[in-house]
């Protein structure tokens, strides 16, 4: 499955309800899995982004649907590519 990287910023509402951040993360994980994706890792960060999520989805359409449904459309989501094909 293709890998996706989400560079997330918390909204003002998310900051006000930070104590429930892990619950929201678990809910997002469950939603992603029901959609056919999976979370590889979630990292809370310091700097311009508040979190980085590395995930896999069957295709771009599923990834976009999950991003829109979970409120992540304002984030950056570069799609990484492994260097392996370039070695051929």
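The values are calculated or read from the model by the stated rules, or taken from the named source; none is laboratory data. Just so it is clear, the structure is predicted and the values come from calculations on it, not from any experiment. All Cβ positions, even for glycine, are placed from backbone atoms using ideal geometry, and neighbour counts span all protein chains on display.
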Quiz item: Applying the selection to segment 23-35, what residues are out of contact with any helix residue (DSSP H, G or I) (no Cβ under 9 Å at 6 or more places or on another chain) and touching a residue at least 12 places away in the same chain (Cβ under 8 Å)?
Solution: 25
Exercise. Looking only at segment 13-25, decide whether some residue is at pLDDT 85 or above, surrounded by 10 or more Cβ atoms within 10 Å (Cβ to Cβ) and within 12 Å of the chain's Cα centre (by Cα).
Key: no
Quiz prompt | Candidate set from segment 37-54 (those that are in contact with a strand residue (DSSP E or B) (Cβ under 9 Å, 6 or more places away or on another chain) and in a loop (DSSP other than H, G, I, E, B)); member that is modelled with the highest pLDDT | solution = 37
Practice problem: Select from segment 72-88 the residues that are in a loop (DSSP other than H, G, I, E, B), loosely packed, with under 14 Cβ neighbours inside 10 Å and at pLDDT 65 or above and list them in ascending order. | Solution: 78, 79, 80, 81, 82, 83
Practice problem: Name every residue in segment 36-65 that is surrounded by 14 or more Cβ atoms within 10 Å (Cβ to Cβ), free of Cβ contacts under 8 Å to residues at least 40 places away in the same chain and closer than 18 Å to residue 21 by Cα, in order of residue number. | Solution: 39, 42
